[in-house]
Amino acid sequence: MPSRFNLMLTYGLLVFIWATTPLAIVWSVSDLHPMWALVIRFFIALPLAVSVVLLLKVEFPTHKIALLSYSAGALSLIGSQIFTYAATAYLSSGLIALMFGLAPIMAGLIGRFGFQQKLAGLQWLGMGTSIVGLAMICLSGSQKHVQPIGIILMLISVFSYSLSIFLVKKINADLPVMAQATGSILVSTLLAVMLLPWIWPYAPTHIPSAKSLLALTYTVIMASLIAMFCYFKLVQNLQATTLSLTTVMTPMLAILIGAYLNHEQLSVQVFVGATIILFGLLLYFFRDLRAYRRLKI
């Protein structure tokens with residue numbers, strides 16, 4: 001069991017990566033078809049992950065339970081990211097991060113209706129509040145960076161991500177963290193290969209711009225390797241809803257990063273909606289935060 005300080009560092013690193021990854025994704029598709037950017041990301045990430053496993057001599061189980069766990073983990077990679085990449089044409093990087101902020105609510109609903117976990121009244125109130133904020137964003141008009149189809153795509157993405165957490169914990173394969181991450185990347189890469197016949201007409205015909213290549217490199221190293229290592233390490237050591245709390249911390253940071261580095265202009269109504277969503281998330285986690293404070297005292 002990692003120390004509490006170790007888990008806090010891992011948690012903080014994951015928040016930073018997830019706050020910056022949406023912008024990296026948006027930049028990586030600026031000169032590439034979104035699905036090609038996704039496929040190339042896994043094609044590069046897999047040999048790097050395998051190299052780390054071999055270099056560190058990490059055990060890589062291939063029994064039935066391990067394969068199930070790898071498949072469940074892939075749901076949070078290609079299963080989620082395919083919709084995220086598709087949403088880049090309709091949403092800003094900040095709003096993509098904001099939508100991932102709804103992961104705790106999605107995890108709560110999956111836990112309630114799929115795994116018979118109970119939810120308190122304050123959690124239901126938090127959900128309702130966040131839905132009001134989301135509706136406000138959807139009704140803010142057809143701005144360049146805010147389109148309803150993007151919201152729908154991101155809701156599917158967040159559902160896939162949240163379901164993956166529960167499935168990996170339920171399978172409980174007790175795998176080395178790097179093996180879990182590499183196995184999930186492997187399954188994601190195999191699924192990415194199946195996309196090739198559909199996206200072949202959009203294959204790159206020129207070398208992408210330096211910004212697109214650097215962003216793609218960032219998504220490979222930071223989001224596909226380091227973040228997945230942190231993610232599966234936390235999955236094995238934290239409650240699913242606690243892990244989902246990481247996405248509460250990233251949205252406003254991601255919105256600010258997108259506005260500063262990518263000049264993403266969003267309306268006052270969108271910011272008000274985002275604030276309402278975050279307030280709903282705070283209500284949802286109020287009991288957990290209060291319990292955490294009592295533990296510290």
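The values are calculated or read from the model by the stated rules, or taken from the named source; none is laboratory data. Just so it is clear, the structure is predicted and the values come from calculations on it, not from any experiment. Every residue, glycine as well, gets a Cβ built from its backbone with ideal geometry; the counts of neighbours run over all protein chains shown. Ligands, DNA and RNA are excluded from the accessible area calculation, which covers all protein heavy atoms including side chains. Shrake-Rupley method; radii C 1.70, N 1.55, O 1.52, S 1.80 Å.
Net charge near residue 234: determine it from the other residues with C-beta under 14 Å of the C-beta of residue 234, scoring Lys and Arg +1 and Asp and Glu -1. All intermediate terms of the calculation are to be shown ahead of the outcome.
Working: positive: 4, 169, 233; negative: none.
That sum, taken over residues with Cβ under 14 Å, equals +3.
Label sites at residue 131 and residue 194, each approximated as a point 7 angstrom past Cα along Cα to Cβ, lie 3.2 nm apart.
Run the accessible area of region 41-184 with a 1.4 Å probe and give the carbon-and-sulfur part as a rounded percent. Accessible surface attributable to carbon and sulfur in region 41-184 totals 70 percent.
Can you compute the modelled spin-label distance between residue 282 and residue 89, with each label point 7 Å from Cα toward Cβ, in nm? Between residue 282 and residue 89, the label points sit 3.8 nm apart.
For the options 167, 278, 98, a Gaussian network treatment of the chain with springs between C-alpha atoms closer than 10 Å singles out 167 as fluctuating the most. Please give the FRET efficiency for residue 67 paired with residue 117, using the beta carbon to beta carbon distance and R0 = 41 Å, rounded to the nearest 0.05. Efficiency computed from Cβ-Cβ geometry: 0.95. The 1.4 Å probe gives accessible areas that order 170, 211, largest first, as 170, 211. With a 1.4 Å probe rolled over the protein heavy atoms of all chains, the accessible area of 36, 18, 198 falls in the order 198, 18, 36, largest first. Approximating the spin labels as points 7 Å out from Cα along Cα→Cβ, the residue 226-to-residue 203 distance works out to 3.3 nm. Per residue, the solvent-accessible area of the chain (1.4 Å probe, heavy atoms of protein chains only, all protein chains present) comes to 48 Å².
Note the listed values (i) 34, 20, 17; (ii) 37, 24, 18; (iii) 28, 26, 17, then indicate which one is semi-axes √(5λ) of the Cα gyration tensor in Å calculated from this particular structure. The listed entry that was calculated here is (iii).
Dividing the summed helix terms, -39500 (n - 2.57) for each DSSP H run of n ≥ 4, by the number of residues in the chain produces a 222 nm estimate of -24000 deg cm²/dmol to the nearest 500. Residue ranking by accessible heavy-atom surface, 1.4 Å probe, largest first, among 246, 129 comes out as 129, 246. How many angstrom lie between the Cα centre of region 16-95 and the Cα centre of region 102-126? Region 16-95 and region 102-126 have Cα centres spaced 26 Å from each other.
Heavy-atom accessible surface of residue 83, to the nearest 10 Å², is about 60 Å², with a 1.4 Å probe and all protein chains retained.
Please list the helices of the chain that count as membrane-span-like by this rule: a mean Kyte-Doolittle hydropathy of at least -0.5 together with Cα atoms stretching 18 Å or more along the helix axis, each helix being a complete DSSP H run. Could you put the intermediate results ahead of the total?
Numbers: long enough: 4-28 (35 Å, 1.26); 34-55 (32 Å, 2.20); 121-138 (26 Å, 1.40); 148-171 (34 Å, 1.82); 177-199 (33 Å, 1.76); 268-284 (24 Å, 2.23).
For the chain, where a helix must reach 18 Å along its axis and average at least -0.5, the hits are 4-28, 34-55, 121-138, 148-171, 177-199, 268-284.
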